[in-house]
Amino acid sequence: MATPLHEDIYQLVREPINMAELARHVRAPEDGATVTFDGFVRDHSHNRPTHYLDYEAYESMALAKMREIGAQLHEKFAIHRVAMVHRLGRLEIGETSVFIAVSAAHRNPAFDACRFAIDTLKRTVPIWKKEYFEDGAVWADGELPPAPAATSRAKPAS
Amino acid sequence: MLLAPSRRAGYNSFVPSVSQSIRVKVLFFGRLKEIAGRAEEVIEAVDGSTIEQLFSQYVTRLPELARYRSSLVASRNQEFAAWDTALHSGDEVAFLPPVSGG
């Protein structure tokens with residue numbers, strides 16, 4: 001069941017995401033389903049019209065976290081291939097910021113894995129967006145990733 | 001080897017060495033980058049410092065950072081890390097605001 005991650009794609013890009021190509025990449029003759037998630041820029045935030053968004057990332061860590069999510073997907077779900085791409089930089093309304101495609105022999109694991117992937121990405125991958133409005137800009141409210149509370153290292157009693 | 005002390009002298013030694021300094025790379029993102037006025041820098045810290053102590057060092061310089069402390073997570077070498085993690089020379093540390101990708 002375990003599929004090597006090397007057939008997967010994990011990328012941060014600064015150009016428009018080629019969704020068709022990624023969806024094609026994950027498809028194979030032994031599969032029966034592909035589920036994709038297309039996250040794109042909404043024209044409003046908290047009832048204010050958005051002009052555009054600017055994304056930045058801790059790139060090395062973000063890629064490592066995306067690959068970790070991929071490894072979890074292969075462990076948890078009976079899936080075949082994963083493509084997970086996030087775009088950085090300035091994005092206009094309607095442009096795709098994140099795209100995920102998961103293939104599997106059957107639809108249920110593909111749906112479940114795709115859902116798990118986007119939910120986990122939003123919670124744990126160090127990427128930030130700044131929302132630009134007519135009258136200013138704000139860093140979007142985000143989620144605090146779960147982090148270890150304290151090291152398990154024995155402490156000097158001092 | 002059999003007679004080696006159970007705790008090796010080093011960064012986490014019980015006995016602090018004569019305050020040697022280490023160099024760590026610190027990265028800033030999102031609003032912290034704006035407050036710090038830079039994306040990264042290499043700074044000196046006391047050997048054995050924790051991430052928390054490093055952050056305090058920054059608060060001294062940039063008091064505005066203090067109010068973000070409770071809404072940050074720390075990372076060391078691209079892994080989320082506890083604030084009491086001890087730093088080694090050459091470590092890459094980041095203070096990460098709540099993430100908002102997607």
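FYI, it's all coordinate maths here, none of it is from the lab. All values reported here derive from a predicted model rather than from experimental measurement. Methodologically, a virtual Cβ is constructed for each residue, glycine included, from the backbone with ideal geometry; neighbour enumeration extends over all protein chains shown.
Values for this structure:
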{"item": "Count of lysine pairs in the protein assembly as shown with Cα separation under 17 Å (8 or more residues apart, or interchain)", "result": "6"}
{"item": "Fraction of beta bridges assigned by DSSP in segment B:21-96 that are antiparallel (%, nearest 5)", "result": "80 percent"}
{"item": "Beta bridges per DSSP with both ends in segment A:50-102, % antiparallel, nearest 5", "result": "100 percent"}
{"item": "Beta bridge orientation in segment A:1-91: antiparallel %, DSSP, nearest 5", "result": "50 percent"}
{"item": "Candidates per GluC sites (Glu not before Pro) in segment A:49-158, loop by DSSP, up to 15 other Cβ within 10 Å", "result": "A:Glu95, A:Glu134"}
